[in-house]
Amino acid sequence: MSGLQPERSREAIEVGLDDRGVLTITLARPDAANSRNQAMRRELAEVYTAVAVDDTVRVVVLTGKGDRHFCAGMDLKEAGQPETPVERRERLRSARDIEQLARLPRPTVAAINGYALGGGFEMALACDMRVMATDAKVGLTEVRHGLMPGGGGTQRLPRLIGAAKAAELLYLGKVLDGPAAEQLGLVNAAVPAADLHDRVSTLAGALAKQSLTALRATKETLLAGAELPLSAGIEKELDGLLFLIQEQQAARD
């Protein structure tokens, strides 16, 4: 699959698939704080499209290159280039890689190794799990610049920590370190920076051992449940279970 070839030349990301089926995507613009530019968005979208139909990939890990930044958000230099309102609208509406990440039929883990701000944090929020270095920083700081999140932050944040806490972080543009983020439930764990790689690798390895079909069905139901009434979500859960039982029976026959 061309979208996953590690040797393929890429401008803004690096991709590596290990023998466990763990695909690591590294945001690789360290001289620009691993910020999101059009090349990064395009390359991420291409990889996510490939991952969605490639069963050799069992888990996706997203991280940043270097030890200072996961992703500092949008590339302000690029965003500051002259453009018409129509061009700006089309640019922002075409940048759907974060939604592709959120909908990937694979477990996804963000390894937050440094600053994850704005769109960078929105990418982490779109992952199923987040592990963060204790001295890393996360936040949706757009309000400080007279803006607001545009990559799902206002929607995913309250689903994780509740509306009141989300409002506090969003309205004040607060930035949190690892222990504070873990206490709020924003990340699954905050660990010393030196331990981040091993902790994420162990988690990804454990996920990779699970049934790909079961994980896919579980994730689909989990995502749908956030948008459905409880009764409809329970029915979808039962449908998923019945599908998996049928698959197991078919395999035995």
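The values are calculated or read from the model by the stated rules, or taken from the named source; none is laboratory data. Quick caveat, the model's predicted, so the values are computed rather than measured. FYI the Cβ positions are ideal-geometry reconstructions off the backbone, even for glycines, and counts take in every protein chain you see. Remember, those area values only see protein heavy atoms, side chains included, never the ligands or the DNA or RNA. Shrake-Rupley method; radii C 1.70, N 1.55, O 1.52, S 1.80 Å.
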(Q) Please determine whether any residue of the range 124-142 is out of contact with any helix residue (DSSP H, G or I) (no Cβ under 7 Å at 6 or more places or on another chain), small (Gly, Ala, Ser) and within 18 Å of SER35 (Cα to Cα). (A) yes
Q | Scan of the range 128-168 for residues that are at positive phi and either more than 16 Å from the chain's Cα centre (by Cα) or aromatic (Phe, Trp, Tyr) (or both), ordered by number | A | GLY146, GLY162
Q) Wholly within the range 52-105, which helices (runs of 4 or more DSSP H) include no fewer than the required count, namely at least 1 residues that are modelled with pLDDT under 75? A) 76-79, 85-94
**Q.** Subset of the range 223-240 (residues that are without any contact (Cβ under 8 Å) to a residue 24 or more places away in the chain and closer than 22 Å to ALA166 by Cβ)
**A.** ALA224, GLY225, GLU227, LEU228, PRO229, LEU230, GLY233
Q. Looking at (1) touching a helix residue (DSSP H, G or I) at 6+ places or on another chain (Cβ under 7 Å); (2) touching a residue at least 24 places away in the same chain (Cβ under 8 Å); (3) within 21 Å of LEU228 (Cα to Cα), which is the only condition PRO149 fails?
A. (3)
Q: State the number of residues belonging to the range 123-181 that are open to solvent by less than 20 Å² (accessible area, probe 1.4 Å), hydrophobic (A, V, I, L, M, F, W, C) and not in a strand (DSSP E or B).
A: 11
Q. Looking at this structure, is SER211 surrounded by 16 or more Cβ atoms within 10 Å (Cβ to Cβ) and polar (S, T, N, Q)?
A. no
**Q.** Selection from the range 1-51 of residues that are touching a helix residue (DSSP H, G or I) at 6+ places or on another chain (Cβ under 8 Å) and among the hydroxyl-bearing types (Ser, Thr, Tyr)
**A.** SER2, SER35, TYR48, THR49
**Q.** Breaking point among (1) part of a helix (DSSP H, G or I); (2) closer than 15 Å to CYS127 by Cα; (3) in contact with an Asp or Glu (Cβ under 6 Å, 6 or more places away or on another chain), for THR221
**A.** (2)
Q | Residue among GLU227, GLU182, GLU235 that is out of contact with any helix residue (DSSP H, G or I) (no Cβ under 9 Å at 6 or more places or on another chain) and farther than 29 Å from ARG68 by Cβ | A | GLU235
Q: Could you tell me whether GLN249 is surrounded by fewer than 14 Cβ atoms within 10 Å (Cβ to Cβ) and closer than 20 Å to GLY21 by Cβ?
A: no
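Given the criterion open to solvent by 30 Å² or more (accessible area, probe 1.4 Å), touching a strand residue (DSSP E or B) at 6+ places or on another chain (Cβ under 6 Å), at pLDDT 95 or above and outside any loop (DSSP other than H, G, I, E, B), identify the matching residue among GLU14, GLU46. Reasoning before the result, please.
Numbers: GLU46 fails: touching a strand residue (DSSP E or B) at 6+ places or on another chain (Cβ under 6 Å).
Residue meeting the stated conditions: GLU14.
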Q: Report, by residue number, each residue of the range 28-39 that is open to solvent by less than 50 Å² (accessible area, probe 1.4 Å), within 10 Å of LYS65 (Cα to Cα) and without any contact (Cβ under 8 Å) to a residue 60 or more places away in the chain.
A: ALA28, ARG29
Q. Restricting attention to the range 187-207, and to residues there that are touching a Lys or Arg at 6+ places or on another chain (Cβ under 8 Å) and either open to solvent by 50 Å² or more (accessible area, probe 1.4 Å) or in contact (Cβ under 8 Å) with a residue 60 or more places away in the chain (or both), which single residue is nearest to GLY139 (Cα to Cα)?
A. VAL187
